[in-house]
Amino acid sequence: MQNLEHIAQRIQDSLEEKDTVREIAIKSSRALIRMSSGVVHGMHKGIDGEAALAEAIDEAHKLKSVLAEHVEIWYSGIVQDALVEVAEAAILNALVKGQELPDPEHLGMPGTAYLLGIADTIGELRRFSLESLRRGNISEAERYLDLMEELFLVIMRFDYPDAIISIRRKQDIARSVLEKTRGDVSLAVMSERLHGRMGDLEKRL
């Protein structure tokens, strides 16, 4: 048993390193969530969050590098949740600006986190659509609805167990959000047509 202490010390050193890396991952993940949420909230207020988004993407790449030898932490809940937030902010930013979607590799994340980000983006697009309706811009509201439907069709292609990707709940939420938005936009379109017909009728009288 002369080597017992040596074995125990190696195990302890490994666990100490893992614990240190885990703390770094938690801190970085919280920062990612904070930055990404700030970008999304700012967009709803008309604030360009391009710089903040770039900072979040850079932080995601740094975290990926730190966790290169700690895959179990990289795929842990808190890290993946943070990456989903980054994906949502980046995808929403691109769609609102009419740009091409960023690639998952560009964002420094696995495809699963990116896909969950797509699902969450549908809810944010509803907010943009409703705001467009509030301003009376029905065509813009319809554009956001079209984007929602396109994203929804994509996420519904993925039918896998939760052990592979936990997307079923998000699919259900997205379906509900899409149906509500479709109803809101349809009602606005019908109302606009009705007002137009009433206007024409008044002109004839």
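In table form, for the structure just shown:
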{"item": "Pair-distance profile P(r), taking every C-alpha pair of the range 108-163, with 5 angstrom steps and integer %", "result": "4, 19, 24, 18, 14, 10, 6, 4, 1"}
{"item": "Separation in nanometres of the label points that stand 7 Å from Cα toward Cβ, at residue 175 and residue 138", "result": "2.9"}
{"item": "Reach of residue 45 by Cα under 14 Å, taken over aspartates and glutamates that are not fewer than 8 positions away in the same chain", "result": "124, 131"}
{"item": "Theoretical FRET efficiency, 1/(1+(r/R0)^6), r = Cβ-Cβ of residue 160 and residue 16, R0 41 Å, to 0.05", "result": "0.70"}
{"item": "Extended-chain gain in nm, criterion 0.36 nm per residue less alpha-carbon gap, residue 65 and residue 4", "result": "18.6 nm"}
{"item": "Mean projected area in nm² (Cα convex hull; one quarter of hull surface) for the range 1-104", "result": "7.1"}
{"item": "Centroid-to-centroid separation of the range 21-78 and the range 122-173 [C-alpha atoms, Å]", "result": "23"}
{"item": "Vicinal HN-Hα couplings computed from phi for the range 138-145 (Karplus, 6.51 cos²θ - 1.76 cosθ + 1.60; Hz; Gly/Pro x)", "result": "5, 4, 5, 4, 5, 4, 5, 5"}
{"item": "Packing-based exposure ordering (other Cβ within 10 Å, fewest first) of 28, 139, 186", "result": "139, 186, 28"}
{"item": "[x] 16.8, 49; [y] 22.8, 106; [z] 17.0, 52, with the label sought being that of the calculated Rg and Dmax of the Cα atoms in Å", "result": "[y]"}
{"item": "Most mobile of 130, 101, 178 in a GNM of the chain (Cα contacts under 10 Å)", "result": "101"}
{"item": "Cross-link table 62/170; 64/97; 18/62; 27/62; 97/180, entries beyond 19 Å C-alpha to C-alpha", "result": "62/170; 64/97; 97/180"}
{"item": "Gaussian network model of the chain, springs between alpha carbon atoms under 10 Å - residue of 175, 143, 134 with greatest fluctuation", "result": "134"}
{"item": "Exposure proxy ranking, count of Cβ atoms within 10 Å, fewest first, for 120, 162, 146, 184", "result": "162, 146, 184, 120"}
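All of the numbers you see were taken from the coordinates with simple rules; none came from a lab. If you're wondering where the values come from, they're calculated on a predicted model, not measured in any experiment. Cβ atoms come from the backbone with ideal geometry, glycine included; neighbour counts cover every protein chain shown.
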